[in-house]
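Chemist: Structure in structure tokens, see below.
The values are calculated or read from the model by the stated rules, or taken from the named source; none is laboratory data. This one's a predicted model, so the numbers in the text were calculated from it and none came from an experiment. Every residue, glycine among them, receives a Cβ derived from its backbone with ideal geometry; neighbour counts consider all protein chains shown. To get the accessible areas, we keep the full protein, side chains included, count just its heavy atoms, and leave off ligands, DNA and RNA. Shrake-Rupley method; radii C 1.70, N 1.55, O 1.52, S 1.80 Å.
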Amino acid sequence: MAEMMYWQAVQRAHDEELERDANVIILGEDVGLVGGTYKATSGLLDKYGAERVIDTPISENSFTGLGIGAAFMGVRPIIEIMSVNFAWLAMDQIMNNAAKVHYMSGGQLRVPAVFRIPGGTAHQLGAQHSARMEKVFMGVAGLRVVTPSTPKQAYGLLKSAVRSDDPVVIHEHENMYQFKGEVPDEEYLHPLEGSEVVREGTDVTLFGYNLSVHWCLQAADILSEEQRIEAQVVDLYSLSPLDREGIHKAVANTHNAVIVEEAEPVCGVGAEVMAIINEEAFFELDSAPIRVSAANVPMPFARNLELAALPDAKKIVAAVMAQRAAR
Amino acid sequence: MSRVAAFEIEYVQYMDESGQALADLPNWATEVESLEHAYKWMLLTRLFDAKAVALQRTGQMGTYASCLGQEAIGAAIGLAMHPNDVFVPSYRETGAQLIRGSRMRDILMFWGGDERGSNPPIANQDFPVAIPIASQCLHAVGVATAFKYRKQNRIALCAIGDGATSQGDFYEAINLAGVWKLPVVFLVSNNQWAISVPRAAQSASQTLAQKAIAAGIDGVQVDGNDYIAMRDTLDQAIEKARSGNGATIIEALTYRLSDHTTADDASRYRSAEEVEVYKQKDPLLRLERHMRVAMGWDEGKQQSLKEQCQQQIEEEIQAYLTAEAAPPTEMFDYLYESLPKVYLKQRQQLFDEWQQHLGAREETVDTDVKESDHV
Ligand SMILES: Cc1ncc(C[n+]2csc(CCOP(=O)(O)OP(=O)(O)O)c2C)c(N)n1
Ligand SMILES: [Mg+2]
């Protein structure tokens with residue numbers, strides 16, 4: 001095991017997959033010469049050449065559509081959309097084509113494309129640059145949506161996504177590329193489905209994904225130290241499909257559920273997980289599940305407003321205490 | 001075989017790099033006041049721009065996109081438009097925004113991460129900066145449609161970069177501007193780079209101006225570092241649009257002397273020699289040289305103008321640095337015309353928390369790692 005940063009883990013997965021399979025190419029804005037906005041493709045242009053690591057004109061819909069067309073032909077493009085905010089420009093291609101053509105062609109045409117999309121609220125980027133769009137992608141049947149919370153997942157999920165014949169959206173986080181963690185030295189493929197218990201606990205389950213897993217872990221420490229409450233933390237690295245079984249199992253274990261999402265609550269991950277709890281584990285519950293979400297506003301620009309609009313460990317702790325008080 | 005279409009693209013330049021006139025100047029450009037006035041704005045923009053970069057470097061402001069080397073374009077836009085026209089800007093048109101009435105403190109506030117900077121106390125209907133590249137092109141044709149529909153004598157001016165011409169929104173917008181003969185001008189600041197992607201990798205088209213041909217509108221290329229050429233070309237395109245004769249694409253050849261933004265390091269992808277070549281084409285130097293030879297501009301005037309600008313900039317920076325933070329409850333305040341009930345409750349809750357924790361915010365765990373990487 002070596003410790004590496006999240007961006008290095010993504011870079012390594014790129015490198016290994018390009019090396020392994022000549023069908024793999026990378027497409028995107030500023031991915032070649034400068035190695036990507038978050039360095040995730042650094043060094044690859046030199047190593048694999050401009051035919052495989054391709055700096056495109058700025059036109060998300062163009063290179064996404066082109067990548068999908070190439071994927072029909074068996075090429076395995078890894079498409080980096082510089083920021084999820086600009087994925088909106090490519091939405092028709094992703095939703096109407098990547099997600100549906102396999103189905104509509106009776107399985108004849110496959111889209112083995114990967115859409116790597118950094119997103120989330122980074123530091124003060126304002127409303128048009130802070131979108132959290134995972135809920136949009138997970139609502140589209142035909143797409144897989146995964147979201148790594150650690151360098152190990154970032155590495156293993158990308159490798160599995162490249163090898164999958166389905167279109168896979170990988171939701172990365174602009175603020176996590178510097179996060180450090182252990183990544184196996186040997187090749188490692190992370191499952192594209194499931195969830196992972198990242199902290200054991202018996203009193204309440206905190207469900208998180210991507211960055212919010214880290215908030216959950218911080219909150220769990222505070223709860224343990226200050227309240228003697230032991231929280232279980234579940235990492236929902238696969239947002240589509242969601243791990244119904246894992247969610248059921250966790251709720252059956254602690255009987256209390258808090259779902260933490262960086263996005264606005266409406267039609268979001270929290271809403272979906274709550275629905276699953278309702279359908280799968282209602283009679284296990286000792287208390288009403290609670291969501292901790294972002295404020296339902298466009299992300300404000302000013303730092304104090306931005307922090308106020310986002311969940312954090314303190315807000316999770318407060319939610320757990322409120323849930324217990326109401327019980 | 002016979003030919004069904006042919007076209008050519010005009011290139012406009014009035015001054016060479018040394019400021020020497022290459023042709024008879026338009027009348028207005030022989031008047032001292034016109035040129036001095038433009039130069040004043042260009043110098044103010046440049047000095048302000050440098051201060052803005054310094055504020056970012058010292059942690060007093062967020063990511064900033066410098067317009068170093070592109071000041072002639074900003075000045076020409078600002079001075080050619082009428083007050084009640086509508087400017088639809090990109091993030092690199094600080095100079096034009098200043099002339100159009102934004103105060104320096106507003107611009108600093110915007111880049112400092114405070115939405116209030118996008119709401120300067122100006123009388124016109126100019127748009128705030130659009131972050132999704134080229135999306136504003138369609139807004140501009142919408143504005144122009146409204147003017148045409150209301151039979152108003154106004155025009156829209158849309159500023160974009162060379163990279164933006166690759167976006168579908170740009171093509172869709174020029175197409176509409178053509179079929180509906182809209183009063184709009186597209187100003188493409190071709191500064192040779194779109195972050196790390198050079199102009200040649202953006203489009204195989206010989207000029208960006210000629211993209212107009214397919215849309216059935218006029219396209220012209222101009223030396224964007226030559227204020228006189230810039231202003232003259234803009235005047236004509238604006239007049240044409242205003243008088244109902246349709247849209248124009250102006251491709252202004254310039255160069256981004258700075259990094260893409262303060263979060264970028266351009267030495268990763270372009271050579272110092274290339275930058276050096278373009279430094280010789282500096283728009284301020286050129287106009288200054290011209291004024292020295294043609295209208296007796298001298299070191300004394302230059303110095304006093306510089307001092308005047310610097311003082312103004314200092315005052316504005318102080319105003320920015322001492323501006324009070326917005327209350328967090330403001331995040332709800334511009335959401336709807338009047339706030340729905342569910343939000344009233346949230347707003348009250350936030351207000352109460354804020355009062356309770358006033359000061360305690362600083363302790364919050366901040367998982368941010370660094371300034372993020374792009375505009
Ligand atoms: C739709 C969209 N895609 C990508 C970006 C990220 N981005 C910001 S500026 C930029 C380059 C723009 O280049 P150009 O249009 O030439 O303008 P310049 O920065 O040179 O003034 C890119 C790719 C964005 N803001 N919007
Ligand atoms: Mg450019």
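Chemist: Can you work out which of the residues in region A:121-161 that are part of a loop (DSSP other than H, G, I, E, B), of a type outside the set (A, V, I, L, M) and within 16 Å of ligand 1 (Cβ to nearest atom) is farthest from A:Met91 (Cα to Cα)? Before you say what the answer is, go through the steps one by one.
Modeler: Restricting attention to region A:121-161, the residues satisfying the condition of being part of a loop (DSSP other than H, G, I, E, B) are A:121-126, A:130-133, A:139-143, A:147-150.
Applying the additional criterion that residues be of a type outside the set (A, V, I, L, M) yields A:121, A:123-124, A:126, A:130, A:132, A:139, A:142, A:147-150.
Within this subset, residues satisfying the condition of being within 16 Å of ligand 1 (Cβ to nearest atom) are A:124, A:126, A:130.
Working: A:Gln124: 25, A:Gly126: 21, A:Ser130: 17 Å.
Among those residues, the one meeting the criterion is A:Gln124.
Chemist: Tally the residues that are among the β-branched types (Val, Ile, Thr) and at pLDDT below 90, restricting the search to region B:306-338.
Modeler: Qualifying residue count, region B:306-338: 0.
Chemist: Give region B:190-226 a look and list any residue that's away from every other protein chain (no Cβ under 12 Å) and among the charged types (D, E, K, R), or say none.
Modeler: Answer for region B:190-226, where residues must be away from every other protein chain (no Cβ under 12 Å) and among the charged types (D, E, K, R): B:Lys211, B:Asp218, B:Asp223, B:Asp226.
Chemist: Which one of the conditions (1) under 21 Å from A:Gly142 (Cα atoms); (2) at pLDDT 95 or above; (3) within 13 Å of chain B (Cβ to nearest Cβ) does A:Tyr38 fail to meet, given that it meets all the rest?
Modeler: (1)
Chemist: For region B:121-131, give me each residue that is over 14 Å from the mean Cα position of the chain (by Cα) and open to solvent by less than 20 Å² (accessible area, probe 1.4 Å).
Modeler: Step one: of region B:121-131, the residues over 14 Å from the mean Cα position of the chain (by Cα) are B:121-125.
Selection gives nothing.
Chemist: Please go through region B:306-325 and pick out each residue that is closer than 29 Å to A:Arg303 by Cβ and either free of Cβ contacts under 8 Å to residues at least 60 places away in the same chain or exposed (fewer than 13 other Cβ atoms within 10 Å of the Cβ) (or both).
Modeler: Once the filter is applied, which keeps residues that are closer than 29 Å to A:Arg303 by Cβ and either free of Cβ contacts under 8 Å to residues at least 60 places away in the same chain or exposed (fewer than 13 other Cβ atoms within 10 Å of the Cβ) (or both), region B:306-325 yields B:Glu314, B:Glu315, B:Gln318, B:Thr322, B:Glu324, B:Ala325.
Chemist: Residue pairs, Cβ under 7 Å, 6 or more apart or interchain, first in region A:71-89 and within 10 Å of chain B (Cβ to nearest Cβ), second hydrophobic (A, V, I, L, M, F, W, C). List them.
Modeler: A:Asn85/A:Ala131
Chemist: Here is a further query. Is it the case, given these coordinates, that A:Val266 is within 14 Å of another protein chain (Cβ to nearest Cβ) and farther than 19 Å from B:Pro328 by Cα?
Modeler: yes
Residue by residue, here is whether (1) touching a residue at least 60 places away in the same chain (Cβ under 8 Å); (2) more than 11 Å from chain B (Cβ to nearest Cβ) holds:
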residue	(1), (2)
A:Gly246	no, yes
A:Asn253	no, yes
A:Phe301	yes, no
A:Val317	yes, yes
A:Ala322	no, yes
A:Ala325	no, yes
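Chemist: On to the next question. Going through region A:1-28 one residue at a time, which ones are open to solvent by 10 Å² or more (accessible area, probe 1.4 Å) and either touching a Cys at 6+ places or on another chain (Cβ under 6 Å) or not aliphatic (A, V, I, L, M) (or both)?
Modeler: Of region A:1-28, the ones open to solvent by 10 Å² or more (accessible area, probe 1.4 Å) are A:1-5, A:7-8, A:11-12, A:15-16, A:19-23, A:25.
The answer is A:Glu3, A:Trp7, A:Gln8, A:Gln11, A:Arg12, A:Asp15, A:Glu16, A:Glu19, A:Arg20, A:Asp21, A:Asn23.
Chemist: I would also like to ask the following. Of the conditions (1) modelled with pLDDT of 90 or more; (2) open to solvent by 70 Å² or more (accessible area, probe 1.4 Å), B:Lys341 clears all except one; give me its number.
Modeler: Exception for B:Lys341: condition (1).
Chemist: Just wondering, is there one or more residues in region B:75-98 that are surrounded by 18 or more Cβ atoms within 10 Å (Cβ to Cβ), within 14 Å of chain A (Cβ to nearest Cβ), outside any helix (DSSP H, G or I) and more than 16 Å from ligand 2 (Cβ to nearest atom)?
Modeler: no
Chemist: Would it be correct to say that B:Leu108 is more than 10 Å from ligand 1 (Cβ to nearest atom), at pLDDT 95 or above and within 30 Å of B:Thr329 (Cα to Cα)? So that I can check it myself, show each step before the final result.
Modeler: Numbers: more than 10 Å from ligand 1 (Cβ to nearest atom): yes; at pLDDT 95 or above: yes; within 30 Å of B:Thr329 (Cα to Cα): yes.
It is true that B:Leu108 is more than 10 Å from ligand 1 (Cβ to nearest atom), at pLDDT 95 or above and within 30 Å of B:Thr329 (Cα to Cα).
Here is a yes/no grid of residues against (1) more than 14 Å from every other protein chain (Cβ to nearest Cβ); (2) touching an Asp or Glu at 6+ places or on another chain (Cβ under 9 Å):
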site	(1), (2)
B:Ile228	yes, no
B:Thr248	yes, yes
B:Tyr255	yes, yes
B:Ala263	no, yes
B:Lys281	yes, yes
B:Ala294	yes, no
B:Trp297	yes, yes
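Chemist: Kindly state which helices (runs of 4 or more DSSP H) lie completely within region B:112-216 and contain at least 3 residues that are within 14 Å of ligand 1 (Cβ to nearest atom) and in contact with a helix residue (DSSP H, G or I) (Cβ under 6 Å, 6 or more places away or on another chain).
Modeler: On the way: elements: B:135-149, B:168-179, B:211-215.
Helices (runs of 4 or more DSSP H) meeting the threshold: B:135-149, B:168-179.
Chemist: Exactly one condition in (1) open to solvent by less than 50 Å² (accessible area, probe 1.4 Å); (2) without any contact (Cβ under 8 Å) to a residue 12 or more places away in the chain; (3) at positive phi is not met by A:Asn210; state its number.
Modeler: (2)
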